[in-house]
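Chemist: Here it is, the structure in full.
The values are calculated or read from the model by the stated rules, or taken from the named source; none is laboratory data. Worth saying up front: this structure is predicted, and the values here are computed from it rather than measured. When we count neighbours, we look across all protein chains shown, and the Cβ atoms used for this are built from the backbone with ideal geometry, even at glycine.
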Amino acid sequence: MSAIEIPANLLPPPVRHTAMGPVARVGGGGRPPPRVSFEFGPPKTAEAEETLWQAIRRLEPLNPEFVSVTYGAGGSTRERTHRTVVRMLQETSLTPAAHLTCVEACCDDVDAVIRDYWEAGIRHIVALRGDPPGKIGGVYTPRADGYANATELTAGIRAIAPFEISVSAYPQLHPEHASLDQEVEVLKAKIDVGATRAITQFFFDIDSYLRFMDRVRGAGIEIPVCAGIMPVTNFAGLKRMAKPCGIPLPDWLCNLFEGLDADPDTRRLVAASVAIEMCARLEEEGFHDFHFYTLNRVEGADLVYAICRVLGVREATP
Ligand SMILES: Cc1cc2nc3c(=O)[nH]c(=O)nc-3n(C[C@H](O)[C@H](O)[C@H](O)COP(=O)(O)OP(=O)(O)OC[C@H]3O[C@@H](n4cnc5c(N)ncnc54)[C@H](O)[C@@H]3O)c2cc1C
């Protein structure tokens, strides 16, 4: 019987394993575990808050570098984001980072949020412009009395207090950008006014991250650039999320999840193996900072927990 040929575009990209695979390397490979961080969203209801806190408690023992909480454009989650990061600070061992957007707000209001964070003991802000109201990719018109973009916001934060400031980066380009050069220029501008770390949009095409990082390092940018990793719990949802953000989903990924819409258990196994392979390949290329998008779900946190275990991240010993 002749072997069935699978077209190359339906196969995951080859992982260049070292003598030891990612699992074997753990505990015996001598390489320190990667640095991980986790992203959550502020809960909308009491029930969602309960779920979020289960997810946070699940991941807390992994001792991440930081955990971040998103912020609704236009300040729609101002109180909820604040409440969540402050509770993290007061009730957990975690280092919280508060996302902050400047779209649809005047500088005075944004500055007040920044000062509130500092007074509450928060020392890390993820500074973002945000998307215009309506839909992602819509035309953005800055307010005359507001910060026009994340560069201006970063400078504004820096002028108020010595926060750690993370900013976004887009290995596969922000929808408003036409080239990698432009992408790197904007990142550099944000760093020049005070950003200390970048976190990327999620991606599945490792080569585009590597190409992006070549340009970033070539431009003399040395700050950590955490690779945004999205473990796929719900592929249909991922497709809806990725499209407006201009994030291509490779054929091999679609092929892996095809026919699994009603099979969450297999989806989770596949999702874990994709994320582990991605991180293993990135580690082999010399990148060790991973930012996991948890989407607040307990299953998502279980998945991230398992992925981190395989990568060698262990519970902190007291
Ligand atoms: C890690 C991460 C976390 C996110 N968290 C949130 C969140 O919590 N809430 C939310 O609403 N959205 C969030 N987003 C989405 C983000 O708000 C959108 O992608 C938005 O469209 C762009 O925001 P930004 O900070 O990346 O933009 P910016 O980096 O400010 O870029 C936006 C536009 O401004 C231009 N620009 C920026 N700086 C300059 C400059 N110095 N000179 C000239 N032009 C400039 C850019 O070219 C671009 O056209 C997140 C994205 C990422 C990657």
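Chemist: Which number in (1) part of a helix (DSSP H, G or I); (2) under 25 Å from ARG281 (Cβ atoms); (3) within 11 Å of the ligand (Cβ to nearest atom); (4) polar (S, T, N, Q) marks the one condition that GLN182 misses?
Modeler: Of the numbered conditions (1) part of a helix (DSSP H, G or I); (2) under 25 Å from ARG281 (Cβ atoms); (3) within 11 Å of the ligand (Cβ to nearest atom); (4) polar (S, T, N, Q), the odd one out for GLN182 is (2).
Chemist: Out of curiosity, is GLU104 under 24 Å from TYR170 (Cα atoms) and of a type in the set (Asp, Glu)?
Modeler: Yes, satisfied.
Chemist: Kindly check whether there is at least one residue in segment 165-177 that is of a type outside the set (Val, Ile, Thr) and at positive phi.
Modeler: yes
Chemist: For segment 103-125, indicate whether the set of residues that are surrounded by fewer than 19 Cβ atoms within 10 Å (Cβ to Cβ), over 26 Å from THR154 (Cβ atoms) and not hydrophobic (A, V, I, L, M, F, W, C) is non-empty.
Modeler: Scanning segment 103-125, I find no residue that is surrounded by fewer than 19 Cβ atoms within 10 Å (Cβ to Cβ), over 26 Å from THR154 (Cβ atoms) and not hydrophobic (A, V, I, L, M, F, W, C), so the answer is no.
Chemist: Of the residues that sit in segment 232-270 and are closer than 18 Å to PHE292 by Cα and among the charged types (D, E, K, R), which one is surrounded by the fewest Cβ atoms within 10 Å (Cβ to Cβ)?
Modeler: LYS239
Chemist: Touching a residue at least 12 places away in the same chain (Cβ under 8 Å) and touching a Cys at 6+ places or on another chain (Cβ under 6 Å): which single residue out of ILE199, ILE247 fits that description?
Modeler: Of the residues listed, the single one that is touching a residue at least 12 places away in the same chain (Cβ under 8 Å) and touching a Cys at 6+ places or on another chain (Cβ under 6 Å) is ILE199.
Chemist: With the checklist (1) at pLDDT 95 or above; (2) of a type in the set (Lys, Arg); (3) within 13 Å of the ligand (Cβ to nearest atom) in hand, flag the one item ARG83 doesn't pass.
Modeler: Among (1) at pLDDT 95 or above; (2) of a type in the set (Lys, Arg); (3) within 13 Å of the ligand (Cβ to nearest atom), ARG83 violates only (3).
Chemist: If you don't mind, another one. Whether any residue in segment 149-163 is closer than 27 Å to MET278 by Cβ and modelled with pLDDT of 95 or more is what I want to check.
Modeler: yes
Chemist: Additional query: Condition first: over 13 Å from GLY156 (Cα atoms) and within 15 Å of the ligand (Cβ to nearest atom). Now tell me which residues in segment 89-102 satisfy that.
Modeler: PRO96, ALA97, ALA98, HIS99
Chemist: Right, something else. Looking at segment 269-318, which of its residues are over 18 Å from GLU39 (Cα atoms), among the charged types (D, E, K, R) and not in a helix (DSSP H, G or I)?
Modeler: Correct list: GLU285, ARG314, GLU315.
Chemist: Same structure, new question: Looking at this structure, is THR233 in a helix (DSSP H, G or I), of a type in the set (Ser, Thr, Tyr) and more than 16 Å from the ligand (Cβ to nearest atom)?
Modeler: No; evaluated as a whole, the condition is false for this residue.
Chemist: Among the residues of segment 136-177, count how many are in a loop (DSSP other than H, G, I, E, B), of a type in the set (Asp, Glu) and more than 7 Å from the ligand (Cβ to nearest atom).
Modeler: The qualifying residues number 1.
Chemist: Any residue in segment 186-202 that is in a strand (DSSP E or B), within 12 Å of the ligand (Cβ to nearest atom) and among the polar types (S, T, N, Q)?
Modeler: The answer is yes; a qualifying residue exists.
Chemist: On to the next question. Can you confirm whether segment 165-174 contains a residue that is surrounded by 17 or more Cβ atoms within 10 Å (Cβ to Cβ) and under 18 Å from GLU283 (Cβ atoms)?
Modeler: Yes.
Chemist: Right, THR294: surrounded by 21 or more Cβ atoms within 10 Å (Cβ to Cβ) and among the polar types (S, T, N, Q) or not?
Modeler: Yes; evaluated as a whole, the condition is true for this residue.
Chemist: Return yes or no: is VAL69 within 12 Å of the ligand (Cβ to nearest atom), of a type in the set (Val, Ile, Thr) and in contact with a Phe, Trp or Tyr (Cβ under 7 Å, 6 or more places away or on another chain)?
Modeler: So VAL69 passes the test.
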